[in-house]
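The next block holds one structure in the form of structure tokens; read it before the comments.
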Amino acid sequence: MPWCWASTRRRRSRRSTAQPGLPLKNGRGATLTHDYKRNGTTTLFAALDVLTGAVFGRNMQRYRHHEFIRFLNALDPDIPAGRLVHVILDNYAAHKHEKVRACVDRHPRWTFHFTPTSSSWLNAVEGFFAVLTRRRLHNGVLRSVVDLQAAINRFIGEHNQTPKPFIWCTDPHAIIVAKNREFQALESSTRHGECATCAAPRRTRKPRARSSASRP
């Protein structure tokens, strides 16, 4: 059985609010101030083991091919020797850099698979990023990049204590049917608009006659 990973990145911003929100209580939902200050970002590299659900993450300041190679080098020792590694990536330029390809060529067990354009949502690790944002970062008051990175690392550590593999519950055929239905509706509305425009004559406004009282 090959050792399969899904890998991608996200930029997470740090922010601070004017005052802490009120917690959830009986009869009232949790609150959050409308104003916040965004002071910067951190880059999170993450790899999701699709067999176990465990996540390997690393925070870095930038997102270039240099940092991506460092992430791969840090990830490689944690994978048992002799296992094949299939990495699912989006079409970011850093993933296809010539130095990245040379690094992969030096490690024959690594194989890259790229998602189609504008289809990064197919990557299973996107589900983990959604959970991280919703449960930890969305309502968090993080006053520095250090606090942000510590919160992310703590969430990953807690997640890896009881990891669960990602299970795709939606029927793929239902997704395809819904997509085709949307395309048909879009084409129908566009075609209807063109016909209505062509069939309806363009109305011209007649000049308004001036009354004699308005003449000098």
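The values are calculated or read from the model by the stated rules, or taken from the named source; none is laboratory data. Quantities reported herein were computed from a predicted structural model and do not represent experimental measurements. Quick reminder, even Gly has a Cβ in these numbers, built from the backbone with ideal geometry, and neighbours come from all protein chains shown.
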Kindly indicate whether any position in region 120-127 is assigned to a helix (DSSP H, G or I), surrounded by 13 or more Cβ atoms within 10 Å (Cβ to Cβ), within 17 Å of the chain's Cα centre (by Cα) and aliphatic (A, V, I, L, M).
-> yes
Identify all residues within region 11-58 that are at pLDDT below 75 and crowded, with 19+ Cβ neighbours inside 10 Å; write none if there are none.
-> ARG12, ARG14
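Got a number for residues in region 77-90 being of a type in the set (Gly, Ala, Ser) and either within 21 Å of LEU44 (Cβ to Cβ) or under 25 Å from the mean Cα position of the chain (by Cα) (or both)?
Matching residues across region 77-90 total 0.
Within region 126-167, which residues are aromatic (Phe, Trp, Tyr) and free of Cβ contacts under 8 Å to residues at least 40 places away in the same chain?
Step one: list which residues in region 126-167 are aromatic (Phe, Trp, Tyr), which gives 128-129, 155, 166.
If the condition is that a residue be aromatic (Phe, Trp, Tyr) and free of Cβ contacts under 8 Å to residues at least 40 places away in the same chain, then PHE155 is the only one that fits.
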Scope region 81-119; condition over 17 Å from LEU48 (Cβ atoms), assigned to a loop (DSSP other than H, G, I, E, B) and at pLDDT 85 or above; matching residues = HIS97, ARG106, HIS107, PRO108, ARG109
Of ALA93, ALA74, the only residue that is small (Gly, Ala, Ser), surrounded by fewer than 15 Cβ atoms within 10 Å (Cβ to Cβ) and under 17 Å from the mean Cα position of the chain (by Cα) is ALA93
